[in-house]
Amino acid sequence: MFDLPGLRRHLPLAVALGVDSIGTGISGPLLLLFLTRVADVPLAQAGLTLSATFAVALVVPAVVGQVVTRVGGRNVLLAAQVLQAVGLTGLLVARDLPAIAACTLVAAIGQRAFWSSVFAVIADASDSGPAEDKDRWFALTNMVQNTGFALGALTAGALLLIPGDLPYLLAIGTNAACFTVSALLLLSYRPNRQDPAAPAEPPAVPARVHRIPSWPYLGLIGVGALFAFCSTILGSGLGVYVVDGLAGPAAVVGPLLALNTVLSAFGQAPAVRLTRRYSRIRVMVVAGLIWCVWGLYTAALGLAAPATLIVPGLVLSVLVYSVAELLHGPRSIAYAADAAPPGQRSTYLSWFQYSFAIANIAAPGVFAASFTVDPGLPWVITAVVALVACAGLVLVARALPPQARRP
């Protein structure tokens, strides 16, 4: 499926990402429950603590962008795993709120450092082969991570069959162990080792280093935030929409999200292969248009669908949504990597993480505020956001390197 040059040489990186995702998939859905049931933190304080630590960690991408160019992406990625392991291990013993806040802050900083450096590391790995393989590299790593998330989520569900506090302790402890294993794998990873079969390339002429990306790239980050909003809104609001908006069975929410995860895990490679003749801009615009149609269709479920068609209609909704995700995901990161100036890719990709951070903050709030007005309004808003993202991408792309658009 993935005949990529130099893949074996980068196997420790792929395995490290898979192990990381399994651990995150196990503890992610149970972290809030751990804080409320095991650490005995009131729900409001637990939610505020997690939100506050996430907000503080927003400064990390700007800092990591400067650090990566000096110490290397692999070293930052390794440090991020260590920070997350330390933070989660601390949660196992911390029981007063200040200690819990400190541990969650350490883990949040590590998580943001991870996402601020991992794409630069993957982009460096993709340089071991032809330029046209870059999208396939990102598809491969997306597939590995989504498979890990799915396995972790299934494990979390199995743990909940155990009574008492043990499931939550096992989830946090397992994730800390996964971060440790991932760090050890990265410690053995040597991304700069020259592949004897790789063609020799002349050294790139270093460009002037900017602490803040150029205005066109900042525009790309803004457009990326709009697309990321579309790719985040399903997880933020599907459960509430099914139960309170459609009066549907709550039991279908888990399988619907699992369907999306499985499609994301195994559909990346076919999506890239089937669209590789088209430019990245065209593929991302098509993804945005599909998200627009999806939003309008999902909103219409609450207006016109009879009760007997709610569940089949939701399945179709998730399928359409997943197609847009499959088209957009690897193309967007590959485009962001190639749109960065020579010698500054790590810095620019670190800043690109703000698009996901902004979307993760905006999606729950926008959904909650608009859902109280009308259950279908969040999806209509998503359709509009998708159209704006498509138009914005076409405009921003004119000021970015044309070679980044390549199929």
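Taking the numbered list (1) within 27 Å of Ser51 (Cα to Cα); (2) without any contact (Cβ under 8 Å) to a residue 40 or more places away in the chain; (3) open to solvent by 60 Å² or more (accessible area, probe 1.4 Å) in turn, Asn360 passes all entries but (2). Close contacts from region 15-39, counting a first residue that is of a type in the set (Phe, Trp, Tyr) and a second that is not in a helix (DSSP H, G or I), with Cβ to Cβ under 9 Å and a gap of 6+ residues or different chains, come to Phe34/Asp165. Taking the listed residues Gly23, Gly72, the one that is touching a Ser or Thr at 6+ places or on another chain (Cβ under 7 Å), surrounded by 18 or more Cβ atoms within 10 Å (Cβ to Cβ) and closer than 23 Å to Ala120 by Cα is Gly23, with no other qualifying.
The single condition among (1) under 20 Å from Ala258 (Cα atoms); (2) open to solvent by less than 40 Å² (accessible area, probe 1.4 Å) that Pro312 does not meet is (2).
Looking across Leu289, Leu296, Leu319, Leu309, one residue alone is in a helix (DSSP H, G or I), within 19 Å of Gly376 (Cα to Cα) and modelled with pLDDT under 95. It is Leu309.
Does region 246-254 include one or more residues that are without any contact (Cβ under 8 Å) to a residue 40 or more places away in the chain, farther than 30 Å from Leu160 by Cα and assigned to a helix (DSSP H, G or I)? There is no residue in region 246-254 that is without any contact (Cβ under 8 Å) to a residue 40 or more places away in the chain, farther than 30 Å from Leu160 by Cα and assigned to a helix (DSSP H, G or I). Scanning region 386-407 for residues that are out of contact with any Gly (no Cβ under 6 Å at 6 or more places or on another chain) and either modelled with pLDDT of 95 or more or hydrophobic (A, V, I, L, M, F, W, C) (or both) yields Leu387, Val388, Ala391, Gly392, Leu393, Val394, Leu395, Ala397, Ala399, Leu400, Ala404. Of note, Gly18 does not satisfy the criterion of being in a helix (DSSP H, G or I), open to solvent by less than 50 Å² (accessible area, probe 1.4 Å), modelled with pLDDT of 90 or more and touching a Cys at 6+ places or on another chain (Cβ under 9 Å). Close contacts from region 104-116, counting a first residue that is in contact (Cβ under 8 Å) with a residue 60 or more places away in the chain and open to solvent by 10 Å² or more (accessible area, probe 1.4 Å) and a second that is of a type in the set (A, V, I, L, M) and not in a helix (DSSP H, G or I), with Cβ to Cβ under 6 Å and a gap of 6+ residues or different chains, come to none at all. All of (1) open to solvent by 60 Å² or more (accessible area, probe 1.4 Å); (2) under 23 Å from the mean Cα position of the chain (by Cα); (3) over 27 Å from Val388 (Cα atoms) hold for Pro270 with one exception: (1).
The values are calculated or read from the model by the stated rules, or taken from the named source; none is laboratory data. The model shown is predicted, which means the values in this text are computed figures rather than measured ones. Cβ sites come from the backbone with ideal geometry, for glycine too, and all protein chains shown count toward neighbours. Ligands, DNA and RNA are excluded from the accessible area calculation, which covers all protein heavy atoms including side chains. Shrake-Rupley method; radii C 1.70, N 1.55, O 1.52, S 1.80 Å.
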